[in-house]
Structure formats: C-alpha cells, structure tokens
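Please read the structure below before turning to the comments.
The values are calculated or read from the model by the stated rules, or taken from the named source; none is laboratory data. Note that the structure is predicted; figures quoted are calculated from it, not measured. Note: ideal-geometry Cβ built from the backbone for every residue, glycine included; neighbour counts use all protein chains shown. Accessible surface areas use protein heavy atoms only, side chains included; no ligands, DNA or RNA. Shrake-Rupley method; radii C 1.70, N 1.55, O 1.52, S 1.80 Å.
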Amino acid sequence: MWEKVALLAACLATSVPVAAAAVSSGSSGPLRASVSPSSSHPPIPAAQEMRSVSITAGLAGIGYEPIHPAQVEAEIAKWMKQARPVQVNIPKLPGPPIIVNANIDPPEVFLTLASGATATLVPTTYFSGRGEPLSKDIQHVPDVVTFTEGSHTWYLRSAPLYAWLMDGGWQREFQLAH
C-alpha cells in the first residue's frame, strides 16, 4: 500500500518538503526528540489579529477553510495563549534529508495576520529513518506544535491544539476551500 502512496505522492508533486534525520547504521529503534521548557515566548496573535485561517491536509495538499472563521480564530488564539513555550531538540544525523513532495502528515494551519505576516501551526513531527513504508519513520512529538512566523520558529506545548489537529477534530469546523 505504501508503495502506491509514495507513487501517488510523487505524481501529485505538491511540493511540501519534509526534512528528515537518517538513522545511523547500527542504531536500533526510532530516534527520539527531547523536549524541555523554554523562556523564548513567541508573538502569540490574538483572534482579532487574525485575518484568515486555512488548513492544508492530505497527500494532495487539499485546502480547507473554516465554516465559522471568527469562532475558529478565537479557539486557536485561546489555545496558543494557554500554550507553554518549549525547546525541542530533534535528532540530526549526517546524510541528505528525505524530501517528500506531498503533505503526508500532519495537517497544517495557515494564518494570515493583520500585519500582513503569515504564520503556520503544525504538530511537531520528524522522520527518524529511511525505508518503506516511510510512515513507520514519522515521529510525533506529543502535545507539541511548531509555530512559524516569517523565518522564526517556536515550539508550543498545547495538548488541545495538538489533539484537535492530530485526531481530525478540525474537520468538523472546516469545509473544502472554494
């Protein structure tokens, strides 16, 4: 099945690169990221600073828009405000990264802010190895989301936001983009 998924991903070529760490020879089991508290606080946008929210999900990178934008913006802003900043150390090993030209996992939130800046929120994931199926090498950092605005990246521990994205709760609040 994963060979078909990989072939479909290559055909779709939606260009969502995912960097990966390679497993060194002789290592056993997946590599684990470490998480520790951080004093670096990101600029958390309030709901009124969000101009639009969308989600990209699935192999084809399908776009979704909220059914009730103000409600979703308020929910995301609340979760971000309650989140605790953390530092995530994702294992880095020599070798070229794995690039997957599809959105294989997980869904990604896109925010357009009143300032004109764009930001993303995505559950923190990384590859821990190579091989088929790649899905066995996708590692999730539980309850941690990656918040990126411009060239800056922060990690936030938010169990509700992480769960909303990972368990598909967002799907009840979104529809296919027009």
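Here is how the numbers come out for the structure above:
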| quantity | calculated |
| --- | --- |
| Yes/no for residue 77 being surrounded by fewer than 18 Cβ atoms within 10 Å (Cβ to Cβ), of a type in the set (A, V, I, L, M, F, W, C) and under 17 Å from the mean Cα position of the chain (by Cα) | no |
| Every residue from segment 15-73 that is in contact with a strand residue (DSSP E or B) (Cβ under 6 Å, 6 or more places away or on another chain), surrounded by fewer than 12 Cβ atoms within 10 Å (Cβ to Cβ) and at pLDDT 90 or above | 67 |
| Among (1) open to solvent by 20 Å² or more (accessible area, probe 1.4 Å); (2) modelled with pLDDT of 85 or more; (3) of a type in the set (Val, Ile, Thr) - the single one residue 104 does not satisfy | (2) |
| Which numbered condition residue 120 fails, given (1) modelled with pLDDT of 80 or more; (2) within 12 Å of the chain's Cα centre (by Cα); (3) crowded, with 19+ Cβ neighbours inside 10 Å | (3) |
| Number of the exception - residue 151 against (1) among the small types (Gly, Ala, Ser); (2) loosely packed, with under 15 Cβ neighbours inside 10 Å; (3) modelled with pLDDT of 95 or more | (3) |
| Segment 148-160 residues that are under 17 Å from residue 119 (Cα atoms), paired with ones that are small (Gly, Ala, Ser) and open to solvent by 40 Å² or more (accessible area, probe 1.4 Å) (beta carbon under 7 Å, 6 or more apart) | 154/40 |
